[in-house]
Amino acid sequence: MKIRNIETFPLFYRLPKPYGDANGIKAYRTCYLIHITTDMGIDGWGECTDWLPTLHKGFHERIIPYLIGKSIFDRIKIVQTIKKWHSRAATAVSMALTEIMAKACRVSVCNLWGGKFRDKVPVYASFQSYSEDTDWQRQSLAAIEKSVNQGFEKVKVKIGGKSIAEDQEHITTLQSLLHGKIKLALDANQSYDISAALQWQSLLQAWPNLLWLEEPLQIKYIAEYALLRNRLVIPLAGGENIEAPTEFIPFFTQHALDFITPDPLHVTGIDSYRELLSLARSFGVRITPHAYDGALSRLYALFAQACLEPWSKMESDSIEPVEWDAMDNPFTGLLPIRPSNGEITIPDGSGIGLELDQELISFYQWDGSSYR
Ligand code: MG
């Protein structure tokens with residue numbers, strides 16, 4: 001079975017109210033979808049993110065001409081070749097070819113992968129806590145309250161973008177609203193050093209509902225992560241930007257993280273992503289996927305989590321949650337799945353088992369104009 005046609009769909013949405021984290025304020029959200037069809041009429045979707053002009057030129061001038069006529073049974077070889085040109089584009093191709101293989105076998109992606117351990121996977125509501133407004137704390141608290149009222153039982157909130165005193169005021173107020181009933185993760189986006197991170201220690205000690213502290217330090221400082229993990233009273237998480245599974249190995253061998261947070265968009269290819277999950281399990285490390293930048297890649301994170309062996313024998317806590325973007329982002333609506341009581345029911349149909357919203361894809365099509 002050979003690849004006959006590839007369509008691309010760059011999507012763009014300018015945020016009416018910009019929001020952000022310690023890395024800065026975002027003015028827009030983007031998404032790049034590809035749709036591959038074979039000579040037997042079987043199709044599959046893939047997704048990636050990057051600067052849209054770069055992706056568009058890369059796909060149309062190099063990747064699509066390379067892919068036309070290739071056998072879908074050469075997925076790993078194809079992904080390895082495209083990886084040399086553009087890692088994230090390779091991931092999109094990997095997803096689409098995986099879906100085509102599942103549909104060719106008339107099974108779901110999960111069944112292609114060996115089957116699910118569970119039908120539902122928990123998600124946590126993920127927030128970008130900062131805005132350009134002086135009352136950013138009030139806006140943040142209102143957004144979190146709305147998600148909790150919608151049934152989310154776990155949330156992740158940003159720190160590290162303001163002074164420690166201001167961030168601690170925000171989180172202390174939030175904790176007084178959550179009454180310890182909602183689990184909370186804090187994400188500093190690599191903003192601190194060890195001593196700054198430890199300025200949170202007395203508060204972390206006082207709060208029993210914390211899930212983890214995410215990326216307090218620059219991720220390259222593996223030994224420092226190990227030192228901090230020895231002192232910190234809550235679990236440490238990180239690794240969302242790491243592309244190669246082997247780059248996680250020092251974190252495992254140096255006991256530097258409690259949770260890794262790989263992103264199926266950033267690890268090159270969905271096959272490598274799943275190999276990484278197995279590797280983490282063999283080191284006894286928990287996995288809570290970063291899945292902020294796309295509905296389709298998040299679905300693949302959910303599939304992989306559904307097919308992952310439990311990390312613990314504790315039944316209520318046996319699978320780690322996947323990130324769910326709780327901010328203003330129309331691309332969340334690309335797929336017809338929504339959390340119910342903080343969980344996603346994994347679709348069972350052939351391939352990904354869901355149809356992408358074509359009207360939404362048309363509506364948000366990028367017009368080719370420059371943006372920054
Ligand atoms: Mg993060």
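The values are calculated or read from the model by the stated rules, or taken from the named source; none is laboratory data. Computed from a prediction, not measured in an experiment: that's the story for all the values here. Neighbour counts run over all protein chains shown; Cβ positions are idealised from the backbone, glycine included. Please note that ligands, DNA and RNA were not included when accessible areas were found on the heavy atoms of the full protein model with its side chains. Shrake-Rupley method; radii C 1.70, N 1.55, O 1.52, S 1.80 Å.
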When the range 104-157 is examined, which residues are found to be touching a strand residue (DSSP E or B) at 6+ places or on another chain (Cβ under 9 Å) and among the polar types (S, T, N, Q)?
S108, S126, Q128, S129, S131, Q139, S140, S147, Q150
W136, sole failed condition from (1) within 30 Å of G351 (Cα to Cα); (2) out of contact with any Cys (no Cβ under 8 Å at 6 or more places or on another chain):
(1)
Name the residue that is farthest from F152 (Cα to Cα), counting only residues in the range 322-372 that are open to solvent by less than 30 Å² (accessible area, probe 1.4 Å) and of a type in the set (S, T, Y).
Y371
Looking at P289, P321, P235, which is the one that is within 14 Å of the chain's Cα centre (by Cα) and over 30 Å from I78 (Cα atoms)?
P321
Selection count, the range 116-172, where residues are within 16 Å of the ligand (Cβ to nearest atom) and touching a residue at least 40 places away in the same chain (Cβ under 8 Å)
15
Scan of the range 192-220 for residues that are out of contact with any strand residue (DSSP E or B) (no Cβ under 9 Å at 6 or more places or on another chain) and more than 16 Å from the ligand (Cβ to nearest atom), ordered by number:
D193, I194, S195, A196, L198, Q199, Q201, S202, L203, Q205, A206, P208
If I319 satisfies all but one of (1) assigned to a loop (DSSP other than H, G, I, E, B); (2) touching a residue at least 60 places away in the same chain (Cβ under 8 Å); (3) of a type outside the set (G, A, S); (4) within 13 Å of the ligand (Cβ to nearest atom), what's the number of the condition it fails?
(4)
The lone exception for Y371 - which of (1) part of a loop (DSSP other than H, G, I, E, B); (2) closer than 27 Å to D43 by Cβ it fails
(2)
L308 meets each of (1) crowded, with 24+ Cβ neighbours inside 10 Å; (2) modelled with pLDDT of 95 or more; (3) within 20 Å of A102 (Cβ to Cβ) with one exception, condition (1)
Which one of these is more than 20 Å from W366 (Cα to Cα) and in contact with a helix residue (DSSP H, G or I) (Cβ under 9 Å, 6 or more places away or on another chain): T30, T49, T37?
T37
Between a residue in the range 235-246 that is within 9 Å of the ligand (Cβ to nearest atom) and part of a loop (DSSP other than H, G, I, E, B) and any residue that is of a type in the set (D, E) and modelled with pLDDT of 95 or more, which pairs come within a Cβ distance under 7 Å, given they are 6 or more apart or on different chains?
E240/D263
Output the residue which, of all residues in the range 195-214 that are assigned to a helix (DSSP H, G or I) and touching a Lys or Arg at 6+ places or on another chain (Cβ under 8 Å), is surrounded by the most Cβ atoms within 10 Å (Cβ to Cβ).
L198
Could you grab me the full set of residues in the range 70-103 that are touching a strand residue (DSSP E or B) at 6+ places or on another chain (Cβ under 8 Å) and open to solvent by 40 Å² or more (accessible area, probe 1.4 Å)?
K70, R88, K103
Restricting to the range 247-265, and then to whatever is assigned to a loop (DSSP other than H, G, I, E, B) and touching a Ser or Thr at 6+ places or on another chain (Cβ under 8 Å), can you tell me which residue is farthest from C48 (Cα to Cα)?
T261
Is it the case that the range 290-307 has a residue that's over 21 Å from A244 (Cβ atoms) and hydroxyl-bearing (S, T, Y)?
no
Criterion first (in contact with a helix residue (DSSP H, G or I) (Cβ under 8 Å, 6 or more places away or on another chain) and more than 15 Å from the ligand (Cβ to nearest atom)) does I270 satisfy it?
yes
Among the residues of the range 158-175, are any at pLDDT below 95, surrounded by fewer than 18 Cβ atoms within 10 Å (Cβ to Cβ) and not in a helix (DSSP H, G or I)?
no
